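*Asks:* Starting off with a structure, shown below.
The values are calculated or read from the model by the stated rules, or taken from the named source; none is laboratory data. Just so it is clear, the structure is predicted and the values come from calculations on it, not from any experiment. Surface accessibility is based on the protein's heavy atoms, side chains included, excluding ligands, DNA and RNA. Shrake-Rupley method; radii C 1.70, N 1.55, O 1.52, S 1.80 Å.
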Amino acid sequence: MRCIWLMFFCLMTSPLNASSLDRLGHSDLVLLGESRLGVLFWDIYDARLYVTDGIYDPNKPFALALSYLRPFSGSDIAERSIEEIRNQGSDDESLLVSWESQLKAIFPDVVEGDQIVGISDPLEGARFFLNDSFIGTISDPNLSRRFFDIWLSEKTSEPGLRKSLLRVGQ
C-alpha cells in the first residue's frame, strides 16, 4: 500500500508530462535536465528543460518549466526577469522598460505548486502557460532569447542551475 501511495504522489507532483506536452502542442520534447533554485534558506522553484532530440539548441523548440515552491507576484517575476536580463549586459533602458511591461502583462501571481511553462519556438516566438492554461506570448525574438538566457546563457547568475538543466559535465 505504501508503494501505491508513493507512486500516486510522484504522478500527482510530476510538473510536466507527456500529456501536458501534447496539450501544449509539443509532444516531441523530452526532459534534458532539472534543478532546484534555492536562495539562502528558501527553495524558490524547480526548473526543468525539455528539448528536441535530447539536445538543447536555441534554434529549435524547447520548453522551460518552473514549478514554484513559494508564492510570488507576477510583477515581482517580471521585475526580477528584467534585472537578470540587465545583469547579462542589456543596457538599453527604454527597451528594458518596454520588455518589463510586456512581461508584467503575461505573468500572473503564483502560489506554491503553480507551474509556468515557457515554450520557445523559432517560428512562433515564446508562448507561456500557467498550469497548462495559456497566459501570453512574446513575439519579439530578441526578448524571447534574452528571457530564456536568464537560465540558459553562459552569463546566467546561476551557473550550477544552468549546468544541471543542460546536463553539462554530467
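*Asks:* First check a/c for the range 17-131, with a ≥ b ≥ c the square roots of the eigenvalues of its C-alpha gyration tensor; if it is under 1.5, answer rounded, and if not, answer prolate when a/b is larger than b/c or oblate otherwise.
*Replies:* oblate
*Asks:* A further question follows. Scan around Asp109 for amide H atoms under 5 Å from its own, H built in the peptide plane at 1.01 Å from N, and keep only partners 5 or more places away or cross-chain.
*Replies:* Gly74
*Asks:* Could you sort Ser35, Ser98 by their accessible area in this structure, using a 1.4 Å probe and putting the largest first?
*Replies:* These residues rank, largest area first, as Ser98, Ser35.
*Asks:* Next question, about the same structure. Starting from the Cα gyration tensor of the range 44-103, take the square roots of the eigenvalues, sort them a ≥ b ≥ c, and report rounded, prolate or oblate (rounded when a/c is under 1.5, otherwise prolate if a/b is larger than b/c, else oblate).
*Replies:* Oblate.
*Asks:* Kindly write out, for the range 118-129 in residue order, the coupling ³J(HN,Hα) from the Karplus curve 6.51 cos²θ - 1.76 cosθ + 1.60 (θ = phi - 60°), rounded to whole Hz, with x marking Gly and Pro.
*Replies:* Running phi through 6.51 cos²θ - 1.76 cosθ + 1.60 with θ = phi - 60° gives x, 10, 9, 9, x, 8, 10, x, 10, 10, 10, 9 Hz.
*Asks:* Using a 1.4 Å probe on the protein chains only, how many percent of the accessible area of the range 52-170 belongs to carbon and sulfur?
*Replies:* With neighbouring chains kept in place, the figure for the range 52-170 is 48 percent.
*Asks:* Moving to a separate point now. Roughly how many Å² is the accessible area per residue of the range 22-156, as a whole number, for a 1.4 Å probe?
*Replies:* 50 Å²
*Asks:* Would the range 88-170 count as rounded, prolate or oblate if I go by the C-alpha gyration tensor, calling it rounded below 1.5 in a/c and otherwise prolate when a/b exceeds b/c, oblate otherwise?
*Replies:* Cα axes put the range 88-170 in the oblate bin.
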